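Enquirer: If you scroll down you'll find the structure; I have some questions about it.
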Amino acid sequence: MSSPLRDPVKWLYHELGLESVYQTGPDTWLIILGRTFRLFAFGAVSLIIALFMSTLGFSDLQIGLFMTLTLSGDVILSLLTALIADRVGRRRILLLGGFLMVLSGAFFAYFESYWILLLAAVFGVISATGGDFGPFRSVEESTLSHLTTSSTRSDVLSWYVTTSTLGSAIGTEVAGRAVDFFQRSGGQSLLGAYHLMFWLYVAMGALSIASTLLMSRKCEISWPSQKDPKMNEPLLGSGHEEEQPCEGDGSSRSPLLQNEQVAAEDAALQGSPRNETARNPRFPLLRAWAAGLSATVSPESRPAVMKLWILLTIDSLADGMVSYALTNYYLARKFDLSESFRGDIMSISYLLMSVSTVLAGPLARHLGLINTMVFTHIPSSAAVLLFPIPQSLTLTMILLFVRTGLNNMDQGPRAAFIAAVVRPKERTAVMGITGMLRTLASTIGPSLTGFLAGTDRFWIAFVVAGVLRLGYDFGLFFLFVGMKLHSHEERENPEEDEPLDAPIDTRDEGAVRQRRVSIIERAEQ
């Protein structure tokens with residue numbers, strides 16, 4: 001590696017993780033770009049959605065219930081899509097999410113009925129809190145984990161967070177300025193200006209769709225039961241790309257042929273013809289969901305994953321109580337700030353967040369994933385706890401900047417940590433269930449905060465959220481610090497000279513299947 005004194009540019013290029021992002025290839029760039037478009041839209045909507053609904057005459061309790069039910073819809077959508085994404089196709093799930101985003105934005109641009117908007121939010125994709133819920137994140141993080149190695153994963157996932165946070169910063173700034181501009185120069189009412197902002201949301205959804213259409217088949221994972229060659233065709237292209245082998249598969253043969261052979265061996269060993277439902281597929285989505293649930297977490301991964309899920313549920317409950325949309329609403333009520341000024345504040349917050357997340361990858365390399373997650377999150381949690389105390393706008397803004405500036409530094413390392421403790425073929429489902437549990441916990445928060453805000457006790461939400469977040473931080477440190485990582489990847493990518501008669505655990509389906517594939521490959525050499 002270059003010395004910072006001899007070649008500072010090359011040193012920064014490596015140290016900040018840009019080299020890892022470049023080496024991973026165009027699919028990674030497209031995923032990062034698509035999420036940046038999406039978070040631009042989510043950031044813009046988070047600034048206005050609570051005030052949009054307040055302008056329509058809805059009560060604080062109705063607004064809180066709206067956000068809770070919206071997050072509930074995201075829970076169902078994210079879980080179902082994550083469980084079938086690897087079988088149906090990751091790119092197809094992202095494409096579905098983009099279409100739902102466009103459809104929901106169009107409904108909000110046209111309608112003002114509480115129930116119509118609620119239906120569009122629950123069954124579509126609208127970020128009620130500014131967070132990235134719905135069908136996207138777990139699929140994207142799993143895909144990035146699939147495209148990267150253990151040495152590049154933390155850097156790539158950190159940039160995945162960084163660029164999207166920058167998109168949120170620009171989105172909130174544009175929303176605040178645009179609403180004021182539409183009113184002052186465009187002759188629009190406040191409500192009309194809000195409606196126009198949702199057309200911007202539609203446009204960002206369309207750009208997200210475009211980035212998905214350009215992704216290649218490398219984004220998909222090959223399953224042994226997958227027999228339809230169309231599942232691996234690019235969503236946009238000639239369809240004549242060279243077949244790409246799976247990650248960790250050194251074979252030059254077609255994965256489809258390999259999977260057929262392995263499936264045939266499975267059937268022969270079981271003493272029965274191949275699964276009847278494979279020849280006569282009925283209810284393929286239900287079968288895919290059932291298969292995803294039954295093979296979500298292996299026994300050896302389960303203890304770590306279960307503990308992490310409990311802690312993330314606590315953290316997400318806290319985040320739901322003081323989401324950026326509700327924090328923005330709190331600032332508007334407490335200090336009576338203009339749209340543009342609040343947009344400036346939130347934009348600066350997101351900008352600080354994007355700058356800090358650039359450092360998450362280098363910190364994770366030097367300090368470790370858990371230490372980076374904990375020691376960058378504790379100051380942010382403390383800022384949430386103290387947020388309602390100052391009566392001056394200046395001190396309140398400082399606490400907000402500390403909270404947001406450090407809040408997302410744990411996201412890239414957290415996704416890398418999950419990828420390091422579960423098997424590669426479990427990642428999408430595990431990340432989907434992780435997202436589902438986090439979203440489910442977040443759904444409780446807005447209703448609690450809505451009730452507190454309606455009884456003039458809004459400040460209590462920040463105190464409770466701060467305590468819960470600190471509990472998550474200390475729990476994460478004491479339960480996971482020093483844990484060995486990447487053991488599954490080492491086991492599922494054995495050295496080529498490993499003896500074929502070496503003992504394996506016959507209860508481990510992945511090891512048995514890998515051994516069969518190795519036997520087939522060496523027989524053909």
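Laboratory data are not the source of any read-out in this text; all were calculated from the coordinates shown. Note that the coordinates shown come from a computational prediction; the quantities given were computed from them, not determined experimentally. Cβ sites come from the backbone with ideal geometry, for glycine too, and all protein chains shown count toward neighbours.
Enquirer: Using 1/(1 + (r/R0)^6) with R0 = 30 angstrom and r between the beta carbons of THR149 and ARG177, what's the FRET efficiency to the nearest 0.05?
Expert: 0.10
Enquirer: Okay, moving on. Gain in length, TYR114 to ASP344, computed as 0.36 nm per residue apart minus the alpha-carbon separation, to one decimal in nm?
Expert: That works out to 79.9 nm of additional length.
Enquirer: What list do you get for ARG342, ARG177, ARG302, ARG137 if you sort them by fewest beta carbons within 10 Å?
Expert: ARG302, ARG177, ARG342, ARG137
Enquirer: Moving on to the next point. Net charge near SER208, counting Lys/Arg +1 and Asp/Glu -1 over other residues with Cβ under 10 Å of its Cβ?
Expert: Around SER208, the charge tally is +2.
Enquirer: Once you list every other residue whose beta carbon is under 13 Å from the beta carbon of ALA318, what net charge do they have if Lys and Arg are +1 and Asp and Glu are -1?
Expert: Value of the local net charge: 0.
Enquirer: Compute the FRET efficiency between ARG302 and ILE460 as 1/(1 + (r/R0)^6), taking r as their Cβ-Cβ distance and R0 = 51 Å, and round to the nearest 0.05.
Expert: Given R0 = 51 Å and the Cβ-Cβ separation, E is 0.90.
Enquirer: If you don't mind, another one. Round to the nearest 0.05 the FRET efficiency obtained for ILE314 and ARG184 when R0 = 41 Å and r is the Cβ-Cβ distance.
Expert: My answer for the efficiency is 0.40.
Enquirer: Using the structure shown, select from LYS10/LYS425; LYS425/LYS484; LYS307/LYS425 the pairs with a Cα to Cα distance greater than 30 angstrom.
Expert: Beyond 30 Å: LYS10/LYS425.
Enquirer: Distance in nm between label sites at LEU196 and LEU56, each 7 Å beyond Cα in the beta-carbon direction?
Expert: Distance between the two pseudo-spin positions: 2.0 nm.
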